[in-house]
Structures are given as C-alpha cells and as structure tokens.
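Novice: Here it is, the structure, as structure tokens.
The values are calculated or read from the model by the stated rules, or taken from the named source; none is laboratory data. Quantities reported herein were computed from a predicted structural model and do not represent experimental measurements. Methodologically, a virtual Cβ is constructed for each residue, glycine included, from the backbone with ideal geometry; neighbour enumeration extends over all protein chains shown. Surface accessibility is based on the protein's heavy atoms, side chains included, excluding ligands, DNA and RNA. Shrake-Rupley method; radii C 1.70, N 1.55, O 1.52, S 1.80 Å.
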Amino acid sequence: MPGLLRQQNGRRSVMTRAGGAEEGGLRVLQCVQQFIYHTPRWKLIVVLLLSTLIKTGIWFMPNLDSTALIASNPFVNPFSNPDAHYLLTSWLGLYGAWLIGATSERLLFCYFLLFSMLFSALFMRLLLTRLPDAAARTALVLFTLLPVSGTSYFWAGIDGITLCLITLALLQRDRPSPLLLLTGILLGMQHFEQSFFGFGAVLLALWLNKVWRADAAGGYSLRWAVCLLVGIVLGKFVLQLLFQHFALHLNSGRMYWLHNHLPALVGQTLLHLHLVLWSALGLGWVVALAWAERGKAAWPMLLALAGLLLLLPVSGDQTRVLAIVTLPLLSVYWLLNSAFLDSLNRTLVSALFSLSLMLPWSWVWEGLPRWSALPFDIALLLQRFEVLPTTMRIWPF
C-alpha cells in the first residue's frame, strides 16, 4: 500500500508538472491570440510581412538573364535553344518591362519585385475590405502560412505579375463583366497554363457544388469562373496572333519543354514525394483538415485540389507552380469565405502562426529542398562592403 501511494503521488506529481507546462503553453498562445485579434491592423500586417521576408529572403528567379533578353526586345525570339522558347509565352509582363525601359537585369529585377510587393498589398487589401475584422485577421494569418505569400519574393520574377492579375480577378466577384473578361485575356497572355488550371479548378469545384447541392463558398458563381476561363483562352489566342504578326517562330512552348524533360520531372516528384507534397501547402494542410470536417460540403473543393496536385509530377519547380495555381481555389473556399474563417478555432490559428515562426521555409525545386535566401542576401551585402572576399560565390540556387 505505501508503495502504491508513492506511485500515485508520483503520477500526480508528473501530471501536475505536465499541467503546468500545458498551462504555460496556453498562456503563450493566449498572448499570440491577443496580438492577432486585438492589435492594430497595421502592426499585424507589418509582423506578418516581416515574418515572411525573414523566412524567404529576397532573390531573383534563376532565369533572370533570359527574361532580360526578351524584355530588351519582345518582338524577336532571342533563343537558339528550343528548350527556352517557353519563356516567350509569358510575354505580357516582359512587354510591360520593355515599355518602361526596364531591360537590364537590375532594372528588371526591381520591376519584378515591385509587382511582388503590389501583389501582397492588393491581396491583403482584398481580405481586409471583403471580410469582417475577425475573419480578415484569420485570413491574413492563413495567407501568410501558404507558400504563395512568399514565393514571389524568394524568386522575384514573372510570378508577381501573374499573382497581381489573379488578385484582380478575385476582386471582381459580383457578376461577369467586360472588365472581368479583359482580366482573363491578360492572364492568358501572361501565363496561360497556370491561369487555366487555377481557375479551371475553381470552375470544377463550383460545378460540383451545384451538382451535389453542397454549400458554395466565397460568393463566386459559375458564370464568373466561365467568363474568366473564356478570357484566358482568348488571351492565349491573342498572343498567338501577335507572335504570327511579329513573325516570332516558336515551338509549342511548355509542351515542348515538358516532352523533353518528362522522365526527369516524374522522378523528381516520386523520389521526393513526402517533401514535395508537404511543400505544396505547408501548414495549409492543417487548414485542409479543418475544411474536411465539413463532410460532404468539403468534397468539391478537395477534389479540385487533388486534381491540381496532379501537376506536381510535370513541374520542375514544384512548390512554385502549386503555390500559384492553388491561389484561386484556396481564396474562393478558404481565404475569402467568412463562414469558414469564423468556424476556425482561434487557438488553432494562433498555434499555426506560432509554428510558422519556428518552422523553416519549405520550398522544393527540382524535387530538392531549398532554404531561405536571407543569409545569402546578408552575405552579398557584406561582400559589397568588402567584409567578405569578393571571390566568394554568393548564390543560393
């Protein structure tokens, strides 16, 4: 009996210590929750942006030199290598760079970075104006958790322009209009494949919502998605007419590149499957589990998301592609869905934000993990001031 009492007392002591640790942990989450939901909006936004930039750093897309060749004269094909022809199919943004004279690599990088910042500003503004205060704060945190919030800084390039146009399309929710059609045309001229699959997934989910009579989300309609997709296809057609007019002789672009690299791409994904899948959404997978608790109403969106995951084996920059193409779907069903945002436990949101501060940047290129460019930014700066030898190669990719 004394031995049993000692064992029970020992267990009680362990439970007390565990309870104390748990209580301390809850106090931390309470502080985080207080900050997220009660601090002035501008402070929350500054912290979210800083946390993103510290995790990602700022660097340029590795094909910056090639895109600078196009920007210097977007009316000719500067590539003898047929594998590079696909770069011309993201023509609209590089034409814009030519119009304003951002044709050197340095100016083009600044031009791309400006659009990355514009995307962050536009999207956060969309969340703050579309949603009630508490839901908007939750959405801001969830947006920061997703790879799309940082990928256009990690690889400053054409993606910032594509993301800005996607955000403009999301802003026009009310009804199909000539402006929405024009936005689709611009998307088709900027990046047809990403735009088509991204908004095609939204169309599929909205159609399944209607067929299964499940709850639709975000206030977007089938007509809205159809109008955008029509514009995207028209944009691709307009781009082909422009290429014919300027006698730009190209192969099939990304299809040609895919045909030549398909075995390697499939191997990159299948041999690093766990890492690739995790990086596609990061902590957003926890949000997907919360969404799945809706039961039948969750299936249209989840099936559309599963369809987008099929792009992983045919993409060389797996995280980047999935980050961009999933943005329309995640926006319509998660980030702009006030009812879903209100259903999320605030402690869960606080825990996810806390985890995001501790976890490193998870980003996959060619099936391999990449890391923050911030140390390379600092090293490059030190090299400029001759603190580090100029012969040291500062290159994260």
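Novice: Open to solvent by less than 10 Å² (accessible area, probe 1.4 Å) and touching a residue at least 12 places away in the same chain (Cβ under 8 Å): which single residue out of Thr67, Thr103, Thr89 fits that description?
Specialist: Working: Thr103 fails: open to solvent by less than 10 Å² (accessible area, probe 1.4 Å); Thr89 fails: open to solvent by less than 10 Å² (accessible area, probe 1.4 Å).
Of Thr67, Thr103, Thr89, the one residue that is open to solvent by less than 10 Å² (accessible area, probe 1.4 Å) and touching a residue at least 12 places away in the same chain (Cβ under 8 Å) is Thr67.
Novice: Where residues in segment 148-172 are assigned to a loop (DSSP other than H, G, I, E, B) and open to solvent by 10 Å² or more (accessible area, probe 1.4 Å), which of them is farthest from Ser372 (Cα to Cα)? Full working, then the answer.
Specialist: Here is the first cut: in segment 148-172, the residues assigned to a loop (DSSP other than H, G, I, E, B) are 155, 157-158, 172.
Checking which are open to solvent by 10 Å² or more (accessible area, probe 1.4 Å) leaves us with 158, 172.
Values: Ile158: 20, Gln172: 34 Å.
Restricting to residues being assigned to a loop (DSSP other than H, G, I, E, B) and open to solvent by 10 Å² or more (accessible area, probe 1.4 Å), the top hit is Gln172.
Novice: Does at least one position in segment 300-322 carry a residue that is within 18 Å of the chain's Cα centre (by Cα) and among the basic types (Lys, Arg)?
Specialist: Among the residues of segment 300-322, at least one is within 18 Å of the chain's Cα centre (by Cα) and among the basic types (Lys, Arg), which makes the answer yes.
Novice: Oh, and also: Taking segment 156-177 only, how many residues are of a type in the set (Asp, Glu) and at pLDDT below 95?
Specialist: To start, the set of residues in segment 156-177 that are of a type in the set (Asp, Glu) comprises 159, 174.
Going one step further and asking which of them are at pLDDT below 95, we end up with 174.
Final tally of qualifying residues: 1.
Novice: Hey, another quick one. Check whether at least one residue in segment 262-273 is in contact with a helix residue (DSSP H, G or I) (Cβ under 8 Å, 6 or more places away or on another chain) and over 27 Å from Ser149 (Cα atoms), and report yes or no.
Specialist: Yes: one or more hits.
Novice: Starting from segment 319-332, take each residue that is more than 13 Å from Gly282 (Cα to Cα) and in a helix (DSSP H, G or I) and list its partners that are of a type in the set (S, T, N, Q) and at pLDDT 95 or above, counting only C-beta distances under 6 angstrom and pairs at least six apart or across chains.
Specialist: If the second residue must be of a type in the set (S, T, N, Q) and at pLDDT 95 or above, the pairs left are Ile324/Gln194; Val325/Gln194.
Novice: Any residue that is open to solvent by 20 Å² or more (accessible area, probe 1.4 Å), assigned to a helix (DSSP H, G or I), within 27 Å of Ala306 (Cβ to Cβ) and aliphatic (A, V, I, L, M) - is there at least one of those in segment 123-141?
Specialist: No, segment 123-141 has no match at all.
Novice: Taking segment 101-122 on its own, how many of its residues are among the hydroxyl-bearing types (Ser, Thr, Tyr) and in a helix (DSSP H, G or I)? Write out each step before concluding.
Specialist: Pass one, segment 101-122, residues among the hydroxyl-bearing types (Ser, Thr, Tyr): 103-104, 111, 116, 120.
Of the ones still in play, those that are also in a helix (DSSP H, G or I) are 111, 116, 120.
Within segment 101-122, residues that are among the hydroxyl-bearing types (Ser, Thr, Tyr) and in a helix (DSSP H, G or I) number 3.
Novice: Could you figure out which of (1) in a loop (DSSP other than H, G, I, E, B); (2) open to solvent by 40 Å² or more (accessible area, probe 1.4 Å) isn't true of Tyr220?
Specialist: Here Tyr220 clears every test but (2).
Novice: If you don't mind, there's one more thing I want to ask. Going by the structure shown, is Phe199 under 23 Å from Ala298 (Cα atoms) and of a type in the set (Phe, Trp, Tyr)?
Specialist: On the way: under 23 Å from Ala298 (Cα atoms): yes; of a type in the set (Phe, Trp, Tyr): yes.
Yes; evaluated as a whole, the condition is true for this residue.
Novice: I'd like to know if segment 272-290 contains one or more residues that are part of a loop (DSSP other than H, G, I, E, B), free of Cβ contacts under 8 Å to residues at least 60 places away in the same chain and open to solvent by less than 50 Å² (accessible area, probe 1.4 Å). Full working, then the answer.
Specialist: Residues of segment 272-290 part of a loop (DSSP other than H, G, I, E, B): 272, 282-283.
Remaining after also requiring free of Cβ contacts under 8 Å to residues at least 60 places away in the same chain: none.
For segment 272-290, residues part of a loop (DSSP other than H, G, I, E, B), free of Cβ contacts under 8 Å to residues at least 60 places away in the same chain and open to solvent by less than 50 Å² (accessible area, probe 1.4 Å): absent.
Novice: Let me confirm something: among Leu242, Leu258, which residue is surrounded by fewer than 18 Cβ atoms within 10 Å (Cβ to Cβ) and over 24 Å from the mean Cα position of the chain (by Cα)? Spell out the reasoning first.
Specialist: On the way: Leu258 fails: over 24 Å from the mean Cα position of the chain (by Cα).
Just one listed residue meets the conditions, Leu242.
Here's the yes/no breakdown for (1) outside any loop (DSSP other than H, G, I, E, B); (2) of a type in the set (Asp, Glu); (3) more than 22 Å from Met358 (Cα to Cα):
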{"position": "Tyr37", "(1), (2), (3)": "yes, no, no"}
{"position": "Trp42", "(1), (2), (3)": "yes, no, yes"}
{"position": "Ile45", "(1), (2), (3)": "yes, no, no"}
{"position": "Thr52", "(1), (2), (3)": "yes, no, no"}
{"position": "Thr67", "(1), (2), (3)": "yes, no, yes"}
{"position": "Ile70", "(1), (2), (3)": "yes, no, yes"}
{"position": "Pro74", "(1), (2), (3)": "no, no, yes"}
{"position": "Pro78", "(1), (2), (3)": "no, no, yes"}
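Novice: Out of Leu180, Leu208, report the one residue that is surrounded by fewer than 24 Cβ atoms within 10 Å (Cβ to Cβ), over 20 Å from Arg320 (Cβ atoms) and modelled with pLDDT of 95 or more.
Specialist: Values: Leu208 fails: modelled with pLDDT of 95 or more.
Of the residues listed, the single one that is surrounded by fewer than 24 Cβ atoms within 10 Å (Cβ to Cβ), over 20 Å from Arg320 (Cβ atoms) and modelled with pLDDT of 95 or more is Leu180.
Novice: Another one. Would you pick out the residues in segment 340-354 that are over 12 Å from Ala139 (Cβ atoms) and either in contact (Cβ under 8 Å) with a residue 60 or more places away in the chain or open to solvent by less than 40 Å² (accessible area, probe 1.4 Å) (or both)? Walk me through it before giving the result.
Specialist: Of segment 340-354, the ones over 12 Å from Ala139 (Cβ atoms) are 343, 345-348, 350-354.
The answer is Arg346, Thr347, Leu348, Ser350, Ala351, Leu352, Phe353, Ser354.
Novice: Are any of the residues in segment 201-216 small (Gly, Ala, Ser) and touching a Leu at 6+ places or on another chain (Cβ under 6 Å)? Lay out the reasoning, then the answer.
Specialist: First pass over segment 201-216, keeping only residues small (Gly, Ala, Ser): 201, 205, 214, 216.
Now drop any that are not touching a Leu at 6+ places or on another chain (Cβ under 6 Å), which leaves 201.
So far as segment 201-216 goes, yes, one or more of its residues are small (Gly, Ala, Ser) and touching a Leu at 6+ places or on another chain (Cβ under 6 Å).
Per-residue answers, yes or no, for (1) farther than 30 Å from Trp212 by Cα; (2) acidic (Asp, Glu):
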| residue | (1), (2) |
| --- | --- |
| Met255 | yes, no |
| Leu262 | yes, no |
| Val266 | yes, no |
| His272 | yes, no |
| Ala280 | no, no |
| Val286 | no, no |
| Glu293 | no, yes |
| Lys296 | no, no |
| Met301 | no, no |
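Novice: When the residues of segment 365-375 are narrowed to those that are open to solvent by less than 50 Å² (accessible area, probe 1.4 Å) and hydrophobic (A, V, I, L, M, F, W, C), which ends up farthest from Phe60 (Cα to Cα)?
Specialist: Residues of segment 365-375 open to solvent by less than 50 Å² (accessible area, probe 1.4 Å): 365, 367, 370, 372-373.
Those left that are additionally hydrophobic (A, V, I, L, M, F, W, C): 365, 373.
Values: Trp365: 14, Ala373: 10 Å.
Restricting to residues being open to solvent by less than 50 Å² (accessible area, probe 1.4 Å) and hydrophobic (A, V, I, L, M, F, W, C), the top hit is Trp365.
Novice: Gly200 fails exactly one of the following numbered conditions: (1) under 24 Å from Leu309 (Cα atoms); (2) open to solvent by less than 50 Å² (accessible area, probe 1.4 Å); (3) assigned to a helix (DSSP H, G or I); (4) in contact with a helix residue (DSSP H, G or I) (Cβ under 6 Å, 6 or more places away or on another chain). What is the number of that condition?
Specialist: (4)
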